[in-house]
1. For segment 128-152, name all the residues that are within 15 Å of the ligand (Cβ to nearest atom) and either small (G, A, S) or within 20 Å of R270 (Cα to Cα) (or both).
2. Step by step: first the residues of segment 320-366, then only those that are away from the ligand (no atom under 16 Å from the Cβ), under 19 Å from the mean Cα position of the chain (by Cα) and not small (G, A, S), then the one that is surrounded by the most Cβ atoms within 10 Å (Cβ to Cβ). Which residue is that?
3. Can you find a residue in segment 70-89 that is away from the ligand (no atom under 16 Å from the Cβ), assigned by TED's automatic domain parsing to the domain that holds A182, touching an Asp or Glu at 6+ places or on another chain (Cβ under 9 Å) and among the aromatic types (F, W, Y)?
4. For segment 47-150, give me every one of the strands (runs of 3 or more DSSP E) that falls completely inside it and has 2 or more residues that are within 25 Å of the chain's Cα centre (by Cα) and of a type in the set (F, W, Y).
5. List the helices (runs of 4 or more DSSP H) inside segment 154-201, counting only whole elements, that have at least 3 residues being surrounded by 17 or more Cβ atoms within 10 Å (Cβ to Cβ).
6. Can you name the residue in segment 229-252 that is of a type in the set (D, E) and in a loop (DSSP other than H, G, I, E, B) and, of all such residues, is nearest to F214 (Cα to Cα)?
7. Which of the strands (runs of 3 or more DSSP E) found entirely inside segment 320-422 contain at least 3 residues meeting this: outside the structural domain of E155 (by TED's automatic domain parsing) and among the hydroxyl-bearing types (S, T, Y)?
8. Scan segment 90-120 for residues that are of a type in the set (K, R), under 30 Å from R289 (Cβ atoms) and at pLDDT 95 or above and jot them down.
Amino acid sequence: MRMVVLGLGYLGATHAACMAELGHEVLGVEIDPAKRDSLAAGEVPFYEPGLPDLLSKHIRSGNLQVTDSYADAADFADVFFIAVGTPQKKGEYGADLQYVDSVIEELVPQLTRNSIILGKSTVPVGTTNRLTERAAELAKDIGVEIAWNPEFLREGYAVRDTLEPDRLVVGAFPGGQAEAIARDIYASAIERGTPFLVTDPSSAELVKTSANAFLATKISFINAIAEVCDAAGADVRAVADAIGFDTRIGRKFLNAGLGFGGGCLPKDIRAFMARAGELGAAEALSFLREVDNVNMRRRTRMVELTRKACGGSLLGVRIGVLGAAFKPESDDVRDSPALNVAGQVQLQGASVTVYDPKAMANSRLLYPTLDYATTAIGACESADVVIVATEWNEFVSLDPFRVGDVVRQKRVIDGRMCLPEAAWKAAGWEYWT
Ligand code: UGA
């Protein structure tokens with residue numbers, strides 16, 4: 001099938017390449033010239049395992065083309081995916097929908113045939129209704145059907161999550177074509193038995209925000225338990241392992257530590273609270289404020305722990321920070337707990353050197369005043385404290401003796417509870433989580 005993907009960021013570029021892999025003919029629209037040129041040359045402008053091969057394969061085969069032209073897009077196909085960003089509004093909790101809105105404003109007047117628009121971006125409940133009304137005003141003697149088809153991919157596993165999703169959800173108005181089109185697009189996954197759920201648009205929008213809110217709540221739950229464990233001298237890892245065996249609870253997303261960051265969970269729970277407020281249901285989601293609070297406390301607690309490990313003051317000490325990405329297998333530093341802690345520690349007077357296997361360029365842009373090393377060992381040189389802030393395998397498998405040779409003090413803070421604690425202690429390290 002011919003289709004257009006509007007917006008080629010983490011979500012859109014992955015979706016476009018994966019749709020081409022499924023055998024569809026795809027035109028991607030990206031208005032940022034640097035991103036577009038890189039993608040058109042078959043190069044992924046961010047780190048996502050498996051995506052470079054897929055992208056270059058389909059740019060070469062011609063199944064995937066890239067443009068900045070909405071006119072070309074309107075001409076190319078009758079099926080359109082919206083994959084643009086929905087960041088947090090500046091100074092407010094709500095989602096900024098300007099990019100989603102501008103897709104509709106630009107695209108719909110140029111359509112000359114009946115078309116289906118499937119939204120993938122994470123949007124507040126009610127958005128499909130609103131966009132449908134606006135599209136009807138903008139459309140010129142044609143029918144434009146909008147449905148929501150939320151995306152659940154995780155960065156780092158984006159290709160696999162898109163090609164082998166654990167469920168497909170389509171929120172469509174009754175009587176339209178969206179369900180049939182989606183069944184066609186995702187035929188191979190549906191044949192393999194992937195659950196395919198059809199709902200009304202508002203429910204589909206809520207599936208996505210509820211899923212992310214649940215995941216955020218699960219992480220903050222275990223981090224709240226970690227606070228109690230600290231106070232009681234208990235081990236939150238043992239608690240998580242044991243409660244995780246209950247299949248109703250499950251062990252996934254119960255890793256305590258620095259908490260959640262990234263371009264999705266933090267802004268999605270805030271947008272969800274803001275939208276519930278607009279709908280007069282603020283009270284229902286008031287617990288998400290606490291989820292957010294617990295999460296942010298993890299960062300300030302880590303700064304405090306670092307200060308204590310240094311004997312009460314960060315003035316003039318050297319801190320090595322291992323990790324800058326918001327999680328491993330990603331170069332994304334949006335709302336990264338690692339960089340946030342590095343920045344706060346620096347503000348309190350420490351000299352901070354950061355190393356990350358993939359996120360160095362993005363970190364330098366966001367936090368230009370931090371120092372950066374080109375290796376993990378380099379970041380630890382002469383450090384008074386080493387903080388592990390992202391659980392990259394490279395850090396988990398570090399030799400504590402080798403690191404011990406270069407630091408000033410053997411003090412490590414395992415911000416992701418990922419290091420082999422006994423091995424580090426055996427190598428003479430003071431160890432905190
Ligand atoms: C998240 C969701 O997991 C995806 O299902 C969703 O599609 C995506 O947002 C989105 O809305 O686009 P992602 O942001 O890639 O995916 O990252 P996660 O794997 O969910 O991790 C989020 C954060 O939680 C990371 O900072 C991670 O370190 C942290 N985390 C995760 C924990 O602190 N503990 C855990 O046990 C798990």
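The values are calculated or read from the model by the stated rules, or taken from the named source; none is laboratory data. Fair warning: this is a prediction, and the values are worked out from it, not measured in the lab. Backbone-built Cβ (ideal geometry, glycine too); neighbour counts: all protein chains shown.
1. Residues of segment 128-152 within 15 Å of the ligand (Cβ to nearest atom): 148-152.
P150, E151, F152, listed by residue number.
2. M360
3. Within segment 70-89 (the criterion being away from the ligand (no atom under 16 Å from the Cβ), assigned by TED's automatic domain parsing to the domain that holds A182, touching an Asp or Glu at 6+ places or on another chain (Cβ under 9 Å) and among the aromatic types (F, W, Y)), the answer is yes, since at least one residue qualifies.
4. Numbers: elements: 64-67, 79-82, 115-119, 144-148.
Where strands (runs of 3 or more DSSP E) fall fully within segment 47-150 and carry at least 2 residues being within 25 Å of the chain's Cα centre (by Cα) and of a type in the set (F, W, Y), they are 79-82.
5. Working: elements: 158-163, 178-185, 187-191.
Result: 158-163, 178-185.
6. Checked segment 229-252; the qualifying residue nearest to F214 (Cα to Cα) is D246.
7. Working: elements: 351-355, 385-388, 411-414.
Result: 351-355.
8. Pass one, segment 90-120, residues of a type in the set (K, R): 90, 113, 120.
In the following step, the residues that additionally are under 30 Å from R289 (Cβ atoms) were identified as 90, 120.
Correct list: K120 only.
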